[in-house]
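Q: Dropping a structure here in structure tokens format, bear with me for questions.
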Amino acid sequence: MRLYKMELYKIYHKKVFSIGAVCIFMIMMLFLAVEVADERSTVDGITYEGYAAVQKDREITDDYKGVLTDEKVEQIVSEYGLPHKVEEGWGYFRDRNFLNQFVMNYLSDGYIYDWNDYKIPEYVYPIAYSELGEAKAVCGRETELKYYRGWSVFWEILAIGMVLGSILVIFSISTVFAGEGQVNMLPLLFTAYEGRTKDTAAKIAAAFTIAAAVWAGILLSVLAGCGMIYGLDGLMCYSGIVLDYGLLTPEMMLPLRHYITLIVGLSFCGMMTLCAVTICVSAYFKSSFHAVVTAAVCYGVPVLVAMFIENSYTARYLSIAPVFMAPYQFIFDIYDIWLLPVGAAAVIAVYCVIKAYFRYGSLS
């Protein structure tokens, strides 16, 4: 335990780790602030912007939350109308609010793709004859109406945070083994009473602890930020509604709580796999610079490979790479096989840890 605490201290006490952690937090909060600043809601002819828009949308949605019915839809249209105001340069109706935009998207003939490509909604369809009705027929669940905007922001910022966190892990952990070789500490460490075996195990345990802490810190920071501003309602909504995608695919008809569990779990798997690969790389170098560069290349190469693969069916197997386990969109391509990349990543992680353990233990 003493060695483990020492190794843990050596990692998180480095300036690159503390400064990096602060920078990641600030960048995520900046993105959150930008998302909030872009919010807009029009109610009773009054337009609210930023945080005030979020609070107004939450307030009006509370009156209709729960199972969506045709009666609720009629009341929403009667009270708030349907959005129709278009302004040049804006890709959404400028007089929308959360409720009438929901009705327009899923229960009307209106749409807007850009300020010069839109159709003002004229008709509202019964739920049974809409995409929502088709989804109910397939999965047997009613449509839940809640203010789910917070979750849309949550996984956008989470993906950014996890990519930045991965970079921090690479810089912090790639020197765990390589750093000792660079300063010629190996002969001293391996002649100590608790040297070769216990020191190697302590370094590996400390590295995984740091990686897990980075992952948890990012997750909790984003969750807290979005929860305080947007609230965290909507866990029973269809995931496709929250994503603003089509509904009639298995992954889009998942309850949101299941979808979130899946993407959060994949991000954790990616972070742990990255940690294992970085540890292995570190054990094969006696230069911190070379270890960092090699680990970074291992992390980024799958992106370059994906750019040159035209077959999307083949490309989705690249989801085994940690870099692809952070973006929430990638789950759309691997939903039917998600256990395969998770299992393969676990095997790779175990293999890398074993190789690192014996490689570093054999050095002198």
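Q: Specify the residue with the greatest mean-square fluctuation among I337, I76, I24, computed from a Gaussian network of the chain linking alpha-carbon atoms under 10 Å apart.
A: I337
Q: Using DSSP H assignments, which helices in the chain have an axial alpha-carbon span of 30 Å or above and a mean Kyte-Doolittle hydropathy of 0.0 or higher? Can you show the working numbers first?
A: Working: long enough: 15-37 (32 Å, 2.23); 149-173 (36 Å, 1.70); 196-230 (51 Å, 1.17); 256-283 (41 Å, 1.62); 339-362 (35 Å, 1.34).
Going by DSSP H runs, the hits are 15-37, 149-173, 196-230, 256-283, 339-362.
Q: Of K14/K355; K10/K355; K15/K198; K15/K203; K5/K198, which sit over 24 Å apart, Cα to Cα?
A: Pairs exceeding the cut-off: K14/K355; K15/K198.
Q: Sticking with this structure for a sec: Which chymotrypsin sites (Phe, Trp or Tyr not before Pro) does segment 244-289 hold that lie in a coil by DSSP with at most 15 other beta carbons within 10 Å?
A: Sites meeting the loop and neighbour criteria: Y245.
Q: To continue, here is another question. Just report the Cα centroid separation between segment 71-99 and segment 1-65, whole Å.
A: After rounding, the separation between the Cα centres reads 27 Å.
Q: Match the structure shown to one of the listed values [x] 5, 23, 31, 23, 13, 5, 1, 0; [y] 6, 25, 36, 26, 7, 0; [z] 5, 21, 26, 21, 14, 9, 4, 1, 0 of P(r) over Cα pairs in 10 Å bins from 0, in percent, computed from it, and give that label.
A: From the options [x] 5, 23, 31, 23, 13, 5, 1, 0; [y] 6, 25, 36, 26, 7, 0; [z] 5, 21, 26, 21, 14, 9, 4, 1, 0, the structure gives [z].
Q: By how many nm would the segment from M228 to E74 lengthen if fully extended, with 0.36 nm per residue of separation less the alpha-carbon distance?
A: 52.3 nm
Q: Turning to a different aspect of this structure: Could you name the lysines whose alpha carbon sits less than 25 Å from that of K72, not counting residues in the same chain fewer than 8 places away?
A: Counting by Cα, and skipping residues close in sequence, K72 has these lysines nearby: K56, K85, K119, K136, K146.
Q: Here is a follow-up. Label points 7 Å out from Cα along the Cβ direction at Y51 and Y113: separation in nm?
A: 3.8
Q: If each DSSP helix of 4+ residues adds -39,500 (n - 2.57) and the sum is divided by the residues in the chain, what number results at 222 nm, nearest 500 deg cm²/dmol?
A: -21000 deg cm²/dmol
Q: Using heavy-atom solvent-accessible surface (probe 1.4 Å) with all chains present, what is the largest-first order of E87, E79?
A: E79, E87
Q: Separate question: Taking a ≥ b ≥ c as the square roots of the eigenvalues of the Cα gyration tensor of segment 196-327, is the shape rounded (a/c under 1.5), prolate (a/b larger than b/c) or oblate?
A: Numbers: a/c = 2.85, a/b = 1.53, b/c = 1.86.
Cα axes put segment 196-327 in the oblate bin.
Q: Just read off the accessible area of K14 with the full protein assembly in place, 1.4 Å probe, to the nearest 10 Å².
A: The accessible area comes out at roughly 70 Å².
Q: If I compute solvent accessible area with a 1.4 Å probe over the protein chains, what percent of it on the chain is carbon and sulfur? Could you put the intermediate results ahead of the total?
A: On the way: 11190 of 17540 Å².
Carbon and sulfur: 64 percent of the exposed surface of the chain.
Q: Here's something else I'd like to know. Taking H placed 1.01 Å from N in the peptide plane, check which residues at least 5 places from V43 or on another chain put their amide H under 5 Å from its amide H.
A: So V43 has HN proximity to Y48.
Q: Let me ask something else. Sort the following peptides by mean Cβ neighbour count (other Cβ atoms within 10 Å, averaged over residues), highest first: 150-160, 341-351.
A: Values: 150-160: 21.7, 341-351: 16.4.
Taking the mean over residues of other Cβ atoms within 10 Å, the ranking is 150-160, 341-351.
The values are calculated or read from the model by the stated rules, or taken from the named source; none is laboratory data. Bear in mind the structure is a predicted one, so any value in this text is a computation, not a measurement. Cβ atoms come from the backbone with ideal geometry, glycine included; neighbour counts cover every protein chain shown. We work out accessible area using only protein heavy atoms, side chains counted, and drop any ligands, DNA or RNA first. Shrake-Rupley method; radii C 1.70, N 1.55, O 1.52, S 1.80 Å.
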